[in-house]
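S.K.: Dropping the structure in here first, questions after.
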Amino acid sequence: MRGLLALAWLAFAGMTVLPAAAQQQRPESCAACHLETGDERLANPVKQFGEDIHSAKGFGCVACHGGDGREAGMEAMDPAKGYIGKPERQQVVQVCGRCHSDARFMKQYNPALRVDQVTEYATSVHGRRLREFGDPKVATCVNCHPAHSIKPPSDPRSSVHPLKVAETCGRCHGDPKYMEVYKIPTDQLAKYRQSVHWRLMSVKGDLSAPTCNDCHGNHGAAPPGISWVGNVCGQCHTVQAEFFGKSPHAKVFAQMGVPGCATCHSNHDIQEATDAMLVLADQAVCAGCHAAADKGGKAAADMRALIDSLGGEYDKARAILLQAERAGMEVSQAQFDLNAAKDALVKARAAIHAFRVEAVKKEGEPGLEISAKAYARGVRALDELQFRRKGLAVSLVIILAVIAGIVVKIRQLDRRS
Amino acid sequence: MAEETLDRQPTRRGFVNWFLGTSAVAFLLSVFYPVGRYLIPPTVAESTAGTVRLPFKADDVKPNTGQIFKFGNRPAILVRTPAGELRAFSAVCTHLNCTVQYRPDLGHIWCACHNGHFDLNGQNIAGPPPRPLDPYAVNVRGKQIVVSKST
Amino acid sequence: MAGSAKPHGRLWTWLDERVGLAELEKVVKKKEVPVHRHTVWYYLGGMTLFLFMVQVATGILLLFYYRPSAEEAYESVQFLMAEVEFGWLIRSIHSWAANLMIFTLFIHLFSVLLLKAYRRPREVTWLSGIGLMGLAMGFGFTGYLLPWNELAYFATKVGTEITGVVPVIGPFLGRLLRGGDEVTGATLTRFYGIHVAVLPALTTLLLGLHLFLVQKHGMSVPPGAERAGGGRRTMPFFPNFLLRDLVGWLSALAMLAALAAYFPTELGQKADPFASAPVGIKPEWYFMFMFKTLKYLPSYILGIEGEIVGVVGFGVGGLFLLLIPFLDRRTARGEPSPLFTWIGIAIILYMVALTYLGYTEVATQ
C-alpha cells in the first residue's frame, strides 16, 4: 500500500514537471519584439540563443526569465506571471539550480550530468564570498557559462572546453585591475601557458592534461590546501605520489608548512622534470635546503649519479645498436630488449621521489644490466661488420689479381702485334 | 704448360695463363659464393609483414594472464581475459613508451612506470596515458596464435 | 694473331656445325677499334652496359625476396637486409650500380656529344642512346619508390606532382603514373610493374638496336682526330680492346663491392602517408638539377606559372638534345662546329652547378 502511494506520488511529481517543459516548446513572442527593437542589447541574446544547448533541448526564454511567452505584447513580461527580467547576481545560482539541482528533472535530458553544482558552488571561494559579503565581482554560473550561448564542455566552441578553460578563468584572474581588491596574484594564466601541462594540451592535443579545474575543482573552485596538494597531483602522478608519501620529505614538509609537489615543481608553471633538477647547484631545487656535505645532499648526488649512469649506458647502447642497424646489421632483438632499460630509467626517475638512494638503485640497476648486454650485442654486430670488410678485402685481392693478369696479357698482346 | 718448356717465352706465357685462369676461377667463386648463400632460404621463414606467429601455444596462455611478445621491433601484449578470450595490443604505453603488463589482481593492463591503467579493450581508464593502446587482431590456427595488425 | 686455321677443340667443331660459330668468330675478329687520343671514351659505353648487366643480375636476385605491396614492401626489404645472408650486399650493389650506371651513361652521352659521334650515319644510334637514357632515368625513378620508405615516398610524391604540371595532359599523366590521385599502394604496384617488366622489355629492344648499330657502323673517329690524320691506327676488338674493357669492368665491380661494404644502402623509416614530409627530401642525384631549377624559378614567368615553364622547358631541352644530329648542320657537312661544342659544355656546367647547389644549400623549405 505504502509502495503504491509512493509510486503515485512519483508519477504526480513527474507530471508537474513534464508539462512545464512542454510549455516552453510553444512558439514564444519574445524573439519577435527583441529582434525588432534594433537595440543590440535586446537583440543579441535572441541571436546567440539559437546555438545554446538549452535552445537545442527545446527550452525558450521563459524557462529562465519567467513571464508568459504566449502573450504578444508587454504583458508577456508581467511580474505577476513570474517574469523576473535579467536575474540578479544573487539570483542566478537559484535560477540555474532550479533545474540543474533537480536529479529527476535532469534525468530526462542528460542522466549522466551531475546535479551537485549548486552545492559545490557554495563551498567555492566564489560562492562563499557571494553569500557572506554579497561580493558583486565574484563569478556565478553565467560568468563561466555565458548565458544565451551555453555549450557542453565537449563542444570545442564552449567556454568550458578543456582548451578554453584557462582562458575563461583568466578573464578575471589574469586581469590585475579586476583582481586588485583581492590582493592575490594574477600571473596564473601567463604561468600556466608556460607549463608542460598546457603544452601537452595545446601542442600535443592531449585533452586529459590538467587545466585550472582539474586541480582547483570547477564549481567548487578553491586553491588546494597545502596538506593535500600532493593528493591533487597524485591523481595522475600516482607512482610519484606514492613514493613521496613514504619519503622523509612528506613529514618534514608538512611540519614546515610547505606543499609537497609544488615546493620543487612549482604550481602553475610546472616544467617538464629533468635530471638537472636533482643537483645542489645554485638554481637546483635541492640546494634550497641541502648542502653538498649533509646527508640529504649526499643522497641527492648519489641518486643523480645513478640516474646519469643509467641514462648514459642506455644512450650508449642505443647509439651503438643504431649504428649497427644503419650499417645494415640485424639488431632488432637487441633493440627490443633494450626497451626494458628505458623502462627502468623511467621507473628510476619516478623512484627519486622516495628520496632514498636504495629506491632508485632498486629500479635502476636492472636497467644497467640490460644496457650493458645490449651494448655488448651492438659491439658484436659491429664486429660482424668488420668481418664483412675482411671479406671485401679478400674479394678485392682476387679482383686485383685478375686485373693484374689481364694487364700482363694485354702487354703480351701489344708486344706481339 | 709442359709441352714447350724449352722456350723461355712460352713458359712465361704459360704462367700468365695459369695465373689468369686461377684468379678468374677464384673471382667467379667470390661472386657465386655470396649469390649462393643469398639464395639459400634464411632460417626465419618469412618477413614479418604485419603478422607474427607467436612462439608459444594458445594453451599456454591461461585465463587471466598476459604475455609480452615481439611484434616487429616493438613489444606487444597478448591477454587471455578471465572469460577465456584472446586479445592483443601494442604493449607500448601511450604515455612515455614503457612496456605495459597484465595485472591478474586488477584484471586489466597496467603500466608500472606511472601507474597507467588500460582496460581489456585497450582503453586508457586511469592514470596519465592519453590514448588507448593500439589493438591487434588475434587468430588461432590450431594451437598456433597469429597476431596481425588489424585493418 | 692466330688465324682461323688454328684447330679448335671437338666441341667447337660440333657447335660450329650447329650454331655457326666460325661466322661469329669472323665478325668478332674483323671488328677493330680506332686508336687515338680520345680512345679512352670508347670504354664508357661498355662500362654502362656492364653495370646494366650487374643491375639485371642483382635485380633478379632481389625479386626472390621482394614483395610489391604497401603492406609488405618495406618489411620484405627489411627482412632481406636483416635475415637473408648477403642480402645487404645484393641490395647495396643494386643501388650503387644504378647510380654508377647513370653516371657512366651521362659521361658516355657527353663524350659522344662533344666528340660529335652522332653525325652521319650514326643519327639513329644517337636517338636510341637518348632513349636508353630516358629509360635509365625511368628505372631510377620507379626503383627508388620500391623499398617504400619515407624518403622514397615523399620524393615520389613530389616527382609525380611535377608530372601533373605538364600542360593539358599533365593531370591525366599524373593519375596514370600514380594509379590514382595520391601516391598509395597502387602506385607501388604500378612502379613495380614498370620497373621489372615494362622498362626491361623496352630496354632490351632499344639496347639491341643500339648495340647492333654500334656493331654495324663501328666506332666513330672524332672529326678532330680525323682531320689531324689520326684514326688510321687501330687495335683488334678481340681480345685487345675487350681485355681492356674487362679491366675497367673488374675495377667497377671492386668499387661496387667496396661501396656496398662501407656505405650499405640504408632503409630508413617505413613510409607513412599521413606523416608530414621529412625535412630535406631530395630526389636521386641525377634529378637534382631539374628539381633545383624548378625551385629557383619565380612563381610566374610572363603570366605563366613558373613550374609549367620549367617542365615545358625541360621537355623542349630533351627534344633539342634528341634532335642534335639534325640541328648541327656544320658537323653534318664535315666542318668544325664550335657552337655545339659550347652548347654541350654549357649543359654540363649547368647540370654540375645546379646539382652542386642542390646538395650544398641548406634545406629550408
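The values are calculated or read from the model by the stated rules, or taken from the named source; none is laboratory data. All of these numbers come straight from a predicted model, not from anything done at the bench. Cβ coordinates were reconstructed from backbone atoms using ideal geometry, including for glycine residues, and neighbour counts include every protein chain displayed. To get the accessible areas, we keep the full protein, side chains included, count just its heavy atoms, and leave off ligands, DNA and RNA. Shrake-Rupley method; radii C 1.70, N 1.55, O 1.52, S 1.80 Å.
S.K.: What are the ³J(HN,Hα) values, in whole Hz, obtained from phi via the Karplus relation 6.51 cos²θ - 1.76 cosθ + 1.60 with θ = phi - 60°, for each residue of segment C:164-180 in sequence order, with x given for Gly and Pro?
M.R.: x, 7, 3, x, 6, 8, x, x, 5, 4, x, 5, 4, 5, 7, x, x
S.K.: I'd like the carbon and sulfur percentage of the solvent accessible area for segment A:257-324, probe radius 1.4 Å, heavy atoms only, ligands and nucleic acids excluded.
M.R.: Here it works out to 57 percent.
S.K.: Rank C:166, A:407, B:16 by accessible area, highest first, at a 1.4 Å probe radius?
M.R.: I get A:407, C:166, B:16, largest accessible area first.
S.K.: Using helices alone, what [θ] at 222 nm do you get for chain C, with -39,500 (n - 2.57) per DSSP H run of 4 or more residues, divided over all residues and rounded to the nearest 500?
M.R.: The helix contribution divided over chain C gives -21500 deg cm²/dmol.
S.K.: Now for a different question. Would you mind putting A:213-224, A:338-349 in packing order, based on average other-beta-carbon counts within 10 Å, highest first?
M.R.: A:338-349, A:213-224
S.K.: In 10 Å bins starting at zero, report the fraction of Cα pairs in segment B:51-149 per bin as a rounded %.
M.R.: Answer for segment B:51-149: a P(r) of 18, 53, 26, 3 percent.
S.K.: Separate question: Take the alpha carbon atoms of chain A, find their radius of gyration, then divide it by 2.2 N^0.38 Å using N residues; give the quotient.
M.R.: In units of the globular-protein estimate, chain A measures up at 1.60.
S.K.: Give me the base-10 log of I(q)/I(0) for the protein assembly as shown at each q in 0.06, 0.08, 0.09 Å⁻¹, Debye formula, one uniform scatterer per Cα, rounded to two decimals.
M.R.: With one equal scatterer per Cα and no solvent, log10 I(q)/I(0) is -0.71, -1.02, -1.15.
S.K.: What shape does chain C take by its C-alpha gyration tensor, where a ≥ b ≥ c are the square roots of the eigenvalues and a/c under 1.5 counts as rounded, a/b above b/c as prolate, and the rest as oblate?
M.R.: Cα axes put chain C in the oblate bin.
S.K.: Let me ask something else. Quick one: what does P(r) look like for segment C:98-211 with 5 Å bins over all Cα pairs, in whole %?
M.R.: 2, 11, 18, 19, 17, 14, 11, 6, 2, 0
S.K.: Something else: For q = 0.11, 0.17 Å⁻¹, what log10 I(q)/I(0) does segment C:298-365 give under the Debye formula with an equal point scatterer on each alpha carbon and no solvent?
M.R.: Results for segment C:298-365 at q = 0.11, 0.17 Å⁻¹ read -0.43, -0.84.
S.K.: Further question: What is the projected area of the convex hull of the Cα atoms of segment A:224-271, averaged over all directions, in nm²?
M.R.: If you wrap the Cα atoms of segment A:224-271 in a convex hull and average its projections, you get 3.1 nm².
S.K.: Any chance you could give the angle, 0 to 90 degrees and rounded to 10, that helix B:8-39 forms with the longest Cα principal axis of chain B?
M.R.: 10 degrees
S.K.: Starting from the amide H of residue C:149, placed 1.01 Å from N in the peptide plane, find each other amide H under 5 Å away whose residue is 5 or more places distant or on another chain.
M.R.: Under 5 Å from the amide H of residue C:149 lie the amide H atoms of C:271, each far enough along the sequence or on another chain.
S.K.: Further question on the same structure: Just from its helices, what would the mean residue ellipticity at 222 nm be for chain A, if runs of 4 or more DSSP H residues each count -39500 (n - 2.57) and the sum is divided by every residue, rounded to the nearest 500 deg cm²/dmol?
M.R.: Roughly -19500 deg cm²/dmol at 222 nm, from the helical runs in chain A.
S.K.: Have a look at A:37, A:168, A:140 and tell me which one the Gaussian network model of chain A (Cα, springs below 10 Å) gives the largest fluctuation.
M.R.: Among A:37, A:168, A:140, the largest mean-square fluctuation in the Gaussian network model of chain A belongs to A:37.
S.K.: Let me ask you something else. Heavy-atom accessible area per residue, the protein assembly as shown, 1.4 Å probe: how many Å²?
M.R.: 55 Å²
S.K.: Moving on to the next point. Which angle from 0 to 90°, rounded to the nearest 10, does the C-alpha axis of helix C:21-30 make with the longest principal axis of chain C?
M.R.: 90 degrees
S.K.: For the full complex of protein chains and a 1.4 angstrom probe, list A:36, A:167 by accessible area with the highest value first.
M.R.: Sorted descending by solvent-accessible area, the residues read A:36, A:167.
S.K.: Also, I was wondering about something else. Can you work out ³J(HN,Hα) from phi for every residue in segment C:236-252, in order, using Karplus 6.51 cos²θ - 1.76 cosθ + 1.60 and θ = phi - 60°, giving whole Hz and x for Gly and Pro?
M.R.: x, 5, 10, x, 4, 6, 4, 5, 5, 3, 4, 4, x, 5, 5, 4, 4
S.K.: When the dipole is taken about the Cα centre of segment B:51-149, and only Lys, Arg (+1) and Asp, Glu (-1) are charged at their Cβ, what size is it in debye, to the nearest 20?
M.R.: In total the dipole reaches around 360 debye.
S.K.: Roughly how many Å² of residue C:330 are accessible to a 1.4 Å probe, to the nearest 10?
M.R.: Ignoring ligands and nucleic acids, residue C:330 comes out at about 110 Å².
S.K.: Using the Karplus curve 6.51 cos²θ - 1.76 cosθ + 1.60 with θ = phi - 60°, work out ³J(HN,Hα) for each residue of segment A:335-345 in order, rounded to whole Hz, and write x for Gly and Pro.
M.R.: Going residue by residue, I get 5, 4, 5, 5, 3, 5, 5, 5, 4, 4, 5 Hz, with x marking Gly and Pro.
S.K.: When the helices in chain B are scored as -39500 (n - 2.57) per DSSP H run of 4 or longer and the sum is shared across all residues, what 222 nm value do you end up with, to the nearest 500 deg cm²/dmol?
M.R.: Helices in chain B give a 222 nm mean residue ellipticity of -7500 deg cm²/dmol.
S.K.: Under a 1.4 angstrom probe, counting protein chains only, how are A:62, B:25, B:100 ranked by accessible area, largest first?
M.R.: B:25, A:62, B:100
S.K.: Give me the accessible area of residue A:151, 1.4 Å probe, in Å² rounded to the nearest 10.
M.R.: Residue A:151 exposes around 30 Å² with every protein chain in place.
S.K.: Build a GNM of chain C with springs between Cα atoms under 10 Å: which of C:195, C:108, C:38 gets the top mean-square fluctuation?
M.R.: The residue that fluctuates most here is C:38.
S.K.: Can I ask one more? As a quick test, which of the pairs A:373/B:149; A:164/A:246; A:137/A:164; A:316/A:390; A:342/C:282; A:183/A:295 have an alpha carbon distance above 28 angstrom in this structure?
M.R.: Violating the 28 Å limit, Cα to Cα: A:373/B:149; A:164/A:246; A:342/C:282; A:183/A:295.
S.K.: Pull up all non-local amide H partners of residue B:125: gap of 5 or more, or a different chain, and H-to-H distance under 5 Å with H placed in the peptide plane.
M.R.: Close amide H contacts, sequence-distant or interchain: B:117, B:118, B:119.
S.K.: Of the residues B:38, B:102, B:136, which exhibits the maximal mean-square fluctuation in a Gaussian network model of chain B defined by a 10 Å Cα contact cut-off?
M.R.: B:38
S.K.: Which aspartates and glutamates, if any, have their Cα less than 14 Å from the Cα of residue A:409, not counting same-chain residues under 8 positions apart?
M.R.: By straight Cα distance, residue A:409 reaches C:245.
S.K.: Also, quick follow-up: Considering amide H positions built from the backbone, and no H for Pro or chain starts, which residues 5 or more places from residue B:108, or on another chain, come under 5 Å of its amide H?
M.R.: The answer is B:103.
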